[in-house]
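Below is one structure, written out as structure tokens; the observations come after it.
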Amino acid sequence: MKNGNVLMMVEVAVFAALALLLDMVSQFIFSRIWPQGGSISIAMVPVFIMAFRWGIKGGLLSGLLLGLLQIVTGFASIAHPVQGFLDYPLAFTLVGIAGVFAGGIQNSFLKGNRKKSYILMTLGIFAGSFLRFLCHFASGIVFFGSYAPEGQPVALYSLVYNGTYMAISFILSAIIAVLLYSTAHRTLFKKALT
Amino acid sequence: MMDKMIFGRYVPAESPMHRLDPRAKLLMVFIFVFIIFLANNIATYVVIGAFTLLILNMSKIPAGFLIGGLRPVFYLILFTFFLHLFFTKEGDLLFKWNFIEVYENGLRQGIFISLRFAFLILITSILTLTTTPISITDGLETLFNPLKKWKLPVHELALMMSISLRFIPTLMEETDKIMKAQAARGTEFSTGPIKNRIKAIVPLLIPLFVSSFKRAEELATAMESRGYRGGEGRTKYRLLKWESKDTILLAAIMVLTVLLLLLRS
């Protein structure tokens, strides 16, 4: 194992734990706005931070870890084997895809082009959120498909149910990420960069 | 707020379910999640219900915790029940009121599907209610060990999971401290317009991230100075021990599978 790898592993582990915690904190903050508010969560923010800091590998790993943590701590609801796999390990791993923009984001920040950096960040967050949404959407079809009677518009149910909270989670994550990087980019990127 | 966030959903107790090997419980749940879809008539549902009740009884978990686990999916269960009740139009007409018609098959399907849902959630909850997250991680690591052949970093993932689990209580305390510190400065986290709530998150997150990076760096340095170099030849502090009762659990789930296959129509 190379030295940088141990640091990455530990950081990813700690941030996955943070993500799980933020999931609970956001339930506390948003659940009183509307009943399904519990699903809206800023849990993806630490995953995005790892993705922008360590690139795609860090992003995918922290996402996978977050998904697995939800299962082992018992916060996951699994009602179908395929749904369980899609909704937790796969959906959250794909959030880490945002890391493909890590190089571009860091470069633009170094060159002082913050605006471009924020645009790339939002693009990354969109890509991660969208892929996560696709997983939940597919799992919703599997889920409703096996629980709802035949002939029901299962794709529509899944789209409405997953689409609403994922859209809001995306917007929220993007706003918070930009706010965070505009105030504390020195901490959030690797030391060598700043 | 923090006292509601008990770490994981594990309930410490002395029960036969608690004492089973995590690998046995993981395998049982894994098989159960698949075979429950075999149930399709009264006999099969009775058998699988009896199995679920037996497992619940063996776990000695207070009913309150089990019901608490069902709460987040309660509305989904109700929703699927009513979907079947109103939209399955087969069998004899049982009930008619204005445009609402309830047919025999709809009622039966509604009950079956909601039961299947409840049994699944109960059995998967039993795993996390009777096993600590760290033993589940150990169990998963051993079960997935063969995947190392395909270069899957099973050991590294398990180690990272253990680190995460170890840090959750620490970070929780930290979050609580920072939230209180910011609240003392006048930040409102759970009241006020949504815009202010989002803004309030930033001064919570930044100190939290700064201290997390510091903790991670310290841990990485400690690991390196103690010569951590990956999974090869690493010994374990917690050892899993497979006993005859674990084999009995697996035998029971096998018997259940055979029964379901014989009884299903």
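The values are calculated or read from the model by the stated rules, or taken from the named source; none is laboratory data. None of these values were measured; they are calculated from a predicted model. Please note: Cβ atoms are built from the backbone with ideal geometry, for glycine as well, and neighbour counts cover all protein chains shown.
Before moving on, here are some points about what is shown:
- The single condition among (1) touching a Ser or Thr at 6+ places or on another chain (Cβ under 7 Å); (2) of a type in the set (A, V, I, L, M, F, W, C); (3) within 10 Å of chain A (Cβ to nearest Cβ) that B:Leu159 does not meet is (1).
- Residue in region B:133-156 that is nearest to B:Ala222 (Cα to Cα), counting only those that are within 10 Å of chain A (Cβ to nearest Cβ) and crowded, with 21+ Cβ neighbours inside 10 Å: B:Thr137
- Residues being away from chain B (no Cβ under 14 Å) and either among the small types (Gly, Ala, Ser) or within 17 Å of B:Ile136 (Cβ to Cβ) (or both) - total across region A:75-101: 3
- In summary, B:Arg215 fulfils each of the numbered conditions (1) at the interface with another protein chain (Cβ under 7 Å from one of its Cβ atoms); (2) surrounded by fewer than 20 Cβ atoms within 10 Å (Cβ to Cβ); (3) over 18 Å from A:Leu188 (Cβ atoms) with the single exception of condition (3).
- Out of B:Ser190, B:Ser211, B:Ser162, sole residue that is under 21 Å from A:Met44 (Cα atoms), under 28 Å from the mean Cα position of the chain (by Cα) and at pLDDT 90 or above: B:Ser162
- Filter result for A:Phe109 (more than 30 Å from B:Lys25 (Cα to Cα) and in contact (Cβ under 8 Å) with a residue 12 or more places away in the chain): yes
- Check on A:Arg132, of a type in the set (D, E, K, R), more than 11 Å from chain B (Cβ to nearest Cβ) and over 30 Å from B:Phe82 (Cα atoms): no
- Among (1) in contact (Cβ under 8 Å) with a residue 40 or more places away in the chain; (2) touching a helix residue (DSSP H, G or I) at 6+ places or on another chain (Cβ under 7 Å); (3) not in a helix (DSSP H, G or I) - the single one B:Tyr228 does not satisfy: (1)
- Cβ pairs under 9 Å, 6+ apart, first in region B:95-122 and away from chain A (no Cβ under 12 Å), second part of a strand (DSSP E or B) and surrounded by 16 or more Cβ atoms within 10 Å (Cβ to Cβ): B:Phe95/B:Val102; B:Phe95/B:Tyr103; B:Lys96/B:Val102
- Helices (runs of 4 or more DSSP H) completely within region B:17-112 that count 3 or more residues being aromatic (Phe, Trp, Tyr): B:22-35, B:63-87
- Helices (runs of 4 or more DSSP H) fully within region A:81-194 counting 1 or more residues that are of a type outside the set (Asp, Glu) and surrounded by fewer than 19 Cβ atoms within 10 Å (Cβ to Cβ): A:81-85, A:102-110, A:114-147, A:154-188
- Residue within region B:67-80 that is away from chain A (no Cβ under 13 Å), modelled with pLDDT of 85 or more and surrounded by fewer than 20 Cβ atoms within 10 Å (Cβ to Cβ) present: no
- Criterion: out of contact with any Phe, Trp or Tyr (no Cβ under 8 Å at 6 or more places or on another chain) and within 14 Å of chain A (Cβ to nearest Cβ) - qualifying residue of B:Leu208, B:Leu261: B:Leu208
- Checklist (1) polar (S, T, N, Q); (2) away from chain A (no Cβ under 11 Å); (3) out of contact with any Ser or Thr (no Cβ under 8 Å at 6 or more places or on another chain) applied to B:Thr88, failing item: (2)
- Flag if B:Arg19 is within 13 Å of chain A (Cβ to nearest Cβ) and modelled with pLDDT under 95: no
Yes or no, residue by residue, for (1) closer than 25 Å to B:Lys214 by Cβ; (2) under 18 Å from the mean Cα position of the chain (by Cα); (3) modelled with pLDDT under 90:
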position: A:Asn3; (1), (2), (3): yes, no, yes
position: A:Glu11; (1), (2), (3): yes, yes, no
position: A:Met24; (1), (2), (3): yes, yes, yes
position: A:Gly59; (1), (2), (3): yes, yes, no
position: A:Gly67; (1), (2), (3): no, yes, no
position: A:Ala79; (1), (2), (3): no, no, yes
position: A:Ala91; (1), (2), (3): no, yes, no
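- Residues in region B:182-205 that are of a type in the set (A, V, I, L, M) and surrounded by fewer than 15 Cβ atoms within 10 Å (Cβ to Cβ) were compared, and the one that is nearest to the other protein chains (Cβ to nearest Cβ) is B:Ile194.
- A:Gly63 being surrounded by 22 or more Cβ atoms within 10 Å (Cβ to Cβ) and away from chain B (no Cβ under 11 Å): yes
- Residues of region A:105-133 satisfying the condition of being touching a Lys or Arg at 6+ places or on another chain (Cβ under 9 Å) and under 12 Å from A:Ala51 (Cβ atoms): A:Ile105, A:Gln106
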